[in-house]
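Student: Right, I'll just put the structure down here and ask away after.
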């Protein structure tokens, strides 16, 4: 669904998403990398359990919460990818720390 | 503006909006003169409790007044929903204050006992519960919780939606909402109030001061007194949304209908609501995680400070001017809890033209004593 702009440059950054390797580019946010990897569902609301995905892309809506290098519920749109980064989606309605 | 308004309400926060709604229901033509978006706005910063258990020490009439509004809240929530389609998420499951030490629990019990020991206080139940009894209702409490107080009359609401619902209802009822109308002067001439603002002059047969702490400045313009303090600042932390774990509001912590946890009830002497004191946030967060240890892992997504609307003795002021007939003042800290009373009790009195004897205890005359030094 999402495609990289044809003139987008940047060195390849190797990350994993739920354990699977993905080649992101330097400058990608975690949220952008998830969408480019075709992940249209990255989380679930704590209230109803309904599916969620990156939405505003600018730190406001808190819909892109994912676990990054073991730290839960980080805003994927506000974190840039780094080589070796481990990203886990939060598809189950769950409390922090469980 | 011309003299087309029967009543001008100065202040469009929860107190002014509730009174204006009640006035509009009586058929009056009402204008609300409000400041702009940058006004100090307790209606946007408050903790959203509809709270009874710890109110009224020092003014027994305040206890009954508060219980009356708490009892009328289901009607208010239902009527606002009928008029606007907005659910303000009023719940009244009862509420807690939790103690993290025996000394805190003893202090709480003493406060409750002193409230109930005052003459004329209506009977209502506040239970002091030990840890085991609390844990039956709040199973996630941490090991440091020794007990707490519980009152079945306590509840909470979505206060931002309440604020919005009032304004939607006001618009539907044809109330003129006039933003950027900060009031500079009020003149009483030939039975009419001429209200000067930077935007325009507004004329009305009656005027209701509902401008929070600014009532202190405005009251003097119409022969009233509203001794306020503009330095009672509180702070709130809000966590990310969490699965529902808390089915009762606490005086210091509650889970909203949208899953977030609000942590509040701090106090410091400060009047600037544009910043906050991190040391106070740290204490609030620490006490929250001692009460509910799983909150230690929750992200805080928002914090803010807000200056409480506070009279000098903490109790509401409802008064009418003798010098300028038709001028009224209403100020109180609990604009959420008392919203039902403001709509269903105070507004009809103002529409009729005089406050009833049953709110006489809230006259600012109680401040008319000589200072000892």
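The values are calculated or read from the model by the stated rules, or taken from the named source; none is laboratory data. Please read all numbers here as calculations on a predicted model, not as lab measurements. Because the Cβ atoms are built from the backbone with ideal geometry, glycine has one as well, and the counts that use them run over all protein chains shown.
Student: Please enumerate the residues belonging to region A:47-75 that are away from every other protein chain (no Cβ under 13 Å) and crowded, with 19+ Cβ neighbours inside 10 Å.
Tutor: Answer for region A:47-75, where residues must be away from every other protein chain (no Cβ under 13 Å) and crowded, with 19+ Cβ neighbours inside 10 Å: just A:54.
Student: Tell me which of these residue B:303 doesn't satisfy, since it passes every other one: (1) surrounded by fewer than 18 Cβ atoms within 10 Å (Cβ to Cβ); (2) under 27 Å from residue A:76 (Cα atoms); (3) without any contact (Cβ under 8 Å) to a residue 24 or more places away in the chain.
Tutor: (3)
Student: For residues that are away from chain A (no Cβ under 14 Å) and over 24 Å from the mean Cα position of the chain (by Cα), tally how many sit in region B:288-308.
Tutor: Within region B:288-308, residues that are away from chain A (no Cβ under 14 Å) and over 24 Å from the mean Cα position of the chain (by Cα) number 2.
Student: For residue A:30, state whether it is away from chain B (no Cβ under 14 Å), under 30 Å from residue B:293 (Cβ atoms) and surrounded by 18 or more Cβ atoms within 10 Å (Cβ to Cβ).
Tutor: yes
Student: Using the structure shown, decide if residue B:145 is in contact (Cβ under 8 Å) with a residue 40 or more places away in the chain, out of contact with any strand residue (DSSP E or B) (no Cβ under 6 Å at 6 or more places or on another chain) and not assigned by TED's automatic domain parsing to the domain that holds residue B:255.
Tutor: Answer is no for this residue.
Student: Go through region B:331-346 and give me each residue that's in a helix (DSSP H, G or I) and either over 18 Å from residue B:78 (Cβ atoms) or without any contact (Cβ under 8 Å) to a residue 60 or more places away in the chain (or both).
Tutor: Keep residues of region B:331-346 that are in a helix (DSSP H, G or I), which gives B:339-346.
Across region B:331-346, the qualifying residue is only B:346.
Student: Residue under question is residue B:243, and the condition is that it be within 14 Å of another protein chain (Cβ to nearest Cβ) and without any contact (Cβ under 8 Å) to a residue 60 or more places away in the chain; does it hold?
Tutor: yes
Student: Moving to a separate point now. Just one of the numbered conditions (1) assigned to a loop (DSSP other than H, G, I, E, B); (2) not assigned by TED's automatic domain parsing to the domain that holds residue B:47 is not true of residue B:199; which one?
Tutor: (2)
Student: If you go through region A:33-46, how many residues are out of contact with any strand residue (DSSP E or B) (no Cβ under 8 Å at 6 or more places or on another chain) and away from chain B (no Cβ under 14 Å)?
Tutor: Total meeting the criteria: 3.
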